[in-house]
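Here is the structure we will look at.
The values are calculated or read from the model by the stated rules, or taken from the named source; none is laboratory data. The structure presented is a predicted model; accordingly, all values stated were derived computationally and were not measured. Backbone-built Cβ (ideal geometry, glycine too); neighbour counts: all protein chains shown.
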Amino acid sequence: MTEVGTQMPPVARREPQVRELHGVRRTDDYAWLREVEDPAVLAHLQAERDFYDASTLHLRPLTTTLANEMSSRVPPTDTSVSWRLDTFSYYTRTPSGSEYTELCRTFHNSDADTATKSVGNARRHDDSLPSDQVLLSVGSLAEGSSYVELGVCEVSPDERLLAYSVDRSGEEVYALHFRDLATGADLPDVLPRSYYGGAWAADSRTFFYTVHDEKYRPFQVWRHLLGTAPGSDVLVREEPDERFEVSVRRCRSGDLVVIWSESRDTSEVWIVDPHAPEGPARLVEPRRRGVEYSCEHVPGPDGGHLYILTNDGATEFRLVRAPVVNPGRDSWQEVLPERPGLRLLGVDAFAGHLVLTRRDVESQSLEVLPLDGGASYELRPEPVAGTIRLDRNERYDVAEVTVAEESYTEPVCWRAVDLATGRRRLLLRRTVPSYDPAGYVSERRACPGKDGVEVPVTLVRRRDVPLDGTAPCLLYGYGAYEAIDEPEFDSSLTVLLDRGVVFAHAHVRGGGEGGRRWWLEGRLEHKQSTFSDHVAVADGLAGTVVDGTRIVTRGLSAGGLLQGAVLSQAPQRWVGVVAEVPFVDVVTTMLDASIPLTVNEWDEWGDPRRAEEFAWMLAYSPYDNLPPAGERPPLLVTGALHDPRVMVWEPAKWVAALRESDPDWSPQCVFRCELGAGAHVGPSGRYAQLRYEAEVYAWALERFGLAG
């Protein structure tokens, strides 16, 4: 076995466990790694991290160079566009040199007297702007902790209080706090366990929040009254079906709180009157397997109407409306029918208009629909191969809304859109130091899939890098949950582009880039399409567009499963594989209902207790289908001890099995295991994230022969 530096790869001991199901015997040599509190397991994970550190020691100068280059393109002080509630406008700001953002607000000149009284003695961040107030500094929350993530962050309707939640480990367990914005002091109310999602009632004293169970499934919505003990909180809704998760939000109108339960393909909505928060939640329409719907509120006589997006009789969804007083399916009136090739993703209501978020195979776009029956119009992104989305718009009674537009090469810019005319007005363009968008190109192409389907791919490069089959390529893919990775500007990517690397994003089936059908053709029994599409894109680009001998493939979580599958199915196609927090022990995990994200994932991957579905998963599960020995490219795997989504033992077991099955290749497999605080998507803080990206990019550049 070849040494790396002075250290050898860790060798996990083998303790075979034989499992038999549906007539198939499977031997798991490394099941013992699941016992993450066992000192022996922790010692093995530490050895893996030590080997990673030793193996990549020679890349540290390059990593530092890359991180410095990335940091040089981070604006010293980064400020978002503002959004208005009533008296105040709010914005986020990242101070110079800080890892974390601040939530700030400023008042309008016409409201100066009222605002001055409300601000009181609160801390200000700029003496030249005495109206500006720092409400929450995430950096101050991070003091004494290596990790901090903000969850809920909601200002009360009277703008006197802030509900915010904090995770300090990466386990997605959030402590919910309430802050008096006049004094800057936190109230005694602390709710130690909460999840994403929250909503204020109209009284600014009642707050609805979600709680997750021991499997990290949000299954309850509770109501808290400020000034009372958490033990007196009231359970509003509980979801007993383990396939479903619950969430809660307040509609923009301010006149409804929406609670919804959803699985991968079914949903159910309940509504609460925020003016009478102690009243019962009312069901909109009972769940029916395979039917999804979501609701937005337009106020009016007798409570107004709900505008409902649903796939009931419409694969790509249609828009209907129903009176709030009688919202069931029998009262649904169609507003927009299904339009083939155009997936409706969301609906937002404003006084006089609806704004629909939609997607076709080309891009995400917006459609503005007047409520008076006038003709609708569309808003498409201005950047080539870019995206457009509604930004944070909190007020209902407005004539303009704020949209954000960006691409892989164009930094985000915010524009105000006149809802009546569609005219756009520039509000703010994010500036990136030492970056000229004209020097870079982003474009979309398509590659023929194995079954003849055209698979879209977005290519990003520096303008002087030719697409003639000579440039190395970093290929990214995900392909699950109907998730859509819209193009977002990432200044850190330029360190690769400036070194002549082409970045390619394969929009494989299983995602939502091609609408609902794109997901249906890449889930359950069709999951193999995801993997075949990714390889097809690489094959389609190789030789004629990029250098086919220098393709590194990368993906995270379900995208890490994709990397594990294509490592096994096409090992010779890649010069390197990056599998971040990979979901690779598919059959074993989906058989274990005691761990997070199993029961509610059966609708995505299948239930292996059924013989047919067991066969689907066994056919591609990377842990059960290791690549041939002697044909493997170098592999970088990541994992985190506190990750609640992909348990750390999955990548640990996979790495151990890969090493044991090909000892000569073993040193080329490194496992970056995060043993301290850290989350599913890596460290917190903007510079810590850049340092992590620099590590991955340095490893990839070495595979391309560009680490010198």
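Which one is farthest from the chain's Cα centre (by Cα) among residues in segment 290-310 that are more than 15 Å from Arg329 (Cβ to Cβ) and part of a loop (DSSP other than H, G, I, E, B)?
Looking at residues that are more than 15 Å from Arg329 (Cβ to Cβ) and part of a loop (DSSP other than H, G, I, E, B), I get Gly300.
Only one entry of Leu658, Leu635 meets the criterion of being touching a Cys at 6+ places or on another chain (Cβ under 7 Å), in the same structural domain as Gly510 (by TED's automatic domain parsing) and free of Cβ contacts under 8 Å to residues at least 60 places away in the same chain, and that entry is Leu658.
Taking strands (runs of 3 or more DSSP E) as the structural unit, those lying wholly within segment 412-498 and holding at least 1 residues that are of a type outside the set (A, V, I, L, M) and exposed (fewer than 14 other Cβ atoms within 10 Å of the Cβ) correspond to 413-418, 424-429, 440-448. Among the residues examined, Arg252 qualifies as crowded, with 18+ Cβ neighbours inside 10 Å and in a loop (DSSP other than H, G, I, E, B). Which ones in segment 521-531 are assigned to a helix (DSSP H, G or I) and within 20 Å of the chain's Cα centre (by Cα)? Selection gives Thr530 alone. Of all positions in segment 599-622, none carries a residue that is farther than 30 Å from Gly676 by Cβ, touching a Ser or Thr at 6+ places or on another chain (Cβ under 8 Å) and in a loop (DSSP other than H, G, I, E, B).
Tell me, yes or no, whether segment 542-557 has at least one residue that is surrounded by 24 or more Cβ atoms within 10 Å (Cβ to Cβ), in a helix (DSSP H, G or I) and not hydroxyl-bearing (Ser, Thr, Tyr). There is no residue in segment 542-557 that is surrounded by 24 or more Cβ atoms within 10 Å (Cβ to Cβ), in a helix (DSSP H, G or I) and not hydroxyl-bearing (Ser, Thr, Tyr).
The sole residue among Thr65, Thr114 that is modelled with pLDDT under 95 and not in a strand (DSSP E or B) is Thr114. The criterion of being in a strand (DSSP E or B) and within 30 Å of Gln46 (Cβ to Cβ) holds for Leu636. Among the residues making up segment 35-86, those that are of a type outside the set (S, T, N, Q) and under 30 Å from Leu427 (Cα atoms) are Glu69, Met70, Arg73, Val74, Pro75, Pro76, Asp78, Val81, Trp83, Arg84, Leu85, Asp86.
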